[in-house]
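Asks: One structure is given below, represented as structure tokens, and several questions about it will come after.
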Amino acid sequence: MVNSTNSVNKSESQTLIAKTSSFTLLPSIFVLCDKCYWCATYLDKCKLPSDNNCLGCNSNNNELTSFPILPNESLTFNYNDKRGVELQFKLRQSQ
């Protein structure tokens, strides 16, 4: 049984969504190493590593590729030996 003090009803949920969607969100940044395929998603530019080296193989910035991910987008990353890296950007579904 769910405790009524911990549950959120539908109108409260809609209010939370409205409050969070009113903020201007900065794009996240997806970083991919072209050499070893290490990757990470950073929430904003100020979180990027200052030395610009790959955390997987220590390659320099020339081996790193970055892609902005807009707040209304989602990114799917897939890798296999035959096809390599596959990135799929698409719009997020509205709630």
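The values are calculated or read from the model by the stated rules, or taken from the named source; none is laboratory data. Predicted model only: the values in this text are computed from it and were never measured. Methodologically, a virtual Cβ is constructed for each residue, glycine included, from the backbone with ideal geometry; neighbour enumeration extends over all protein chains shown.
Asks: Among the residues of the range 57-69, are any part of a loop (DSSP other than H, G, I, E, B) and at pLDDT 90 or above? Steps first, answer last, please.
Replies: Step one: list which residues in the range 57-69 are part of a loop (DSSP other than H, G, I, E, B), which gives 57-60.
Adding the requirement that they be at pLDDT 90 or above leaves 57-58.
So far as the range 57-69 goes, yes, one or more of its residues are part of a loop (DSSP other than H, G, I, E, B) and at pLDDT 90 or above.
Asks: Please go through (1) at pLDDT 80 or above; (2) surrounded by 12 or more Cβ atoms within 10 Å (Cβ to Cβ); (3) assigned to a loop (DSSP other than H, G, I, E, B); (4) more than 13 Å from the chain's Cα centre (by Cα) for PRO49 and return the number of the only condition it doesn't satisfy.
Replies: (1)
Asks: Right, something else. Pairs only if they're at least six apart or on different chains, beta carbon under 8 angstrom, first in the range 32-53 and on the phi < 0 side of the Ramachandran plot, second charged (D, E, K, R) and at pLDDT below 90; list them, first residue then second.
Replies: CYS33/GLU63; ASP34/GLU63; LYS35/GLU63
Asks: Which of the residues belonging to the range 54-72 are free of Cβ contacts under 8 Å to residues at least 12 places away in the same chain and either within 16 Å of ILE29 (Cα to Cα) or surrounded by 10 or more Cβ atoms within 10 Å (Cβ to Cβ) (or both)?
Replies: Looking only at the range 54-72, we keep the residues that are free of Cβ contacts under 8 Å to residues at least 12 places away in the same chain, and these are 58, 60-62.
Within the range 54-72, ASN58, ASN60, ASN61 qualify.
Asks: Another question about this same structure. Which ones in the range 73-85 are surrounded by 11 or more Cβ atoms within 10 Å (Cβ to Cβ) and closer than 16 Å to ILE29 by Cα? Spell out the reasoning first.
Replies: So the first thing to find is which residues in the range 73-85 are surrounded by 11 or more Cβ atoms within 10 Å (Cβ to Cβ), and the list is 73-75, 77, 79, 85.
Once the filter is applied, which keeps residues that are surrounded by 11 or more Cβ atoms within 10 Å (Cβ to Cβ) and closer than 16 Å to ILE29 by Cα, the range 73-85 yields GLU73, SER74, LEU75, PHE77.
Asks: If I ask for residues that are out of contact with any strand residue (DSSP E or B) (no Cβ under 7 Å at 6 or more places or on another chain) and in a strand (DSSP E or B), which ones from the range 73-95 would you list? Give the derivation first.
Replies: First pass over the range 73-95, keeping only residues out of contact with any strand residue (DSSP E or B) (no Cβ under 7 Å at 6 or more places or on another chain): 80-84, 93-95.
Result: ASN80, GLY84.
Asks: Which residues, taken from the range 64-95, are closer than 23 Å to LEU48 by Cα and either more than 20 Å from the chain's Cα centre (by Cα) or β-branched (Val, Ile, Thr) (or both)?
Replies: Within the range 64-95, THR65, ILE69, THR76, VAL85 meet the criteria.
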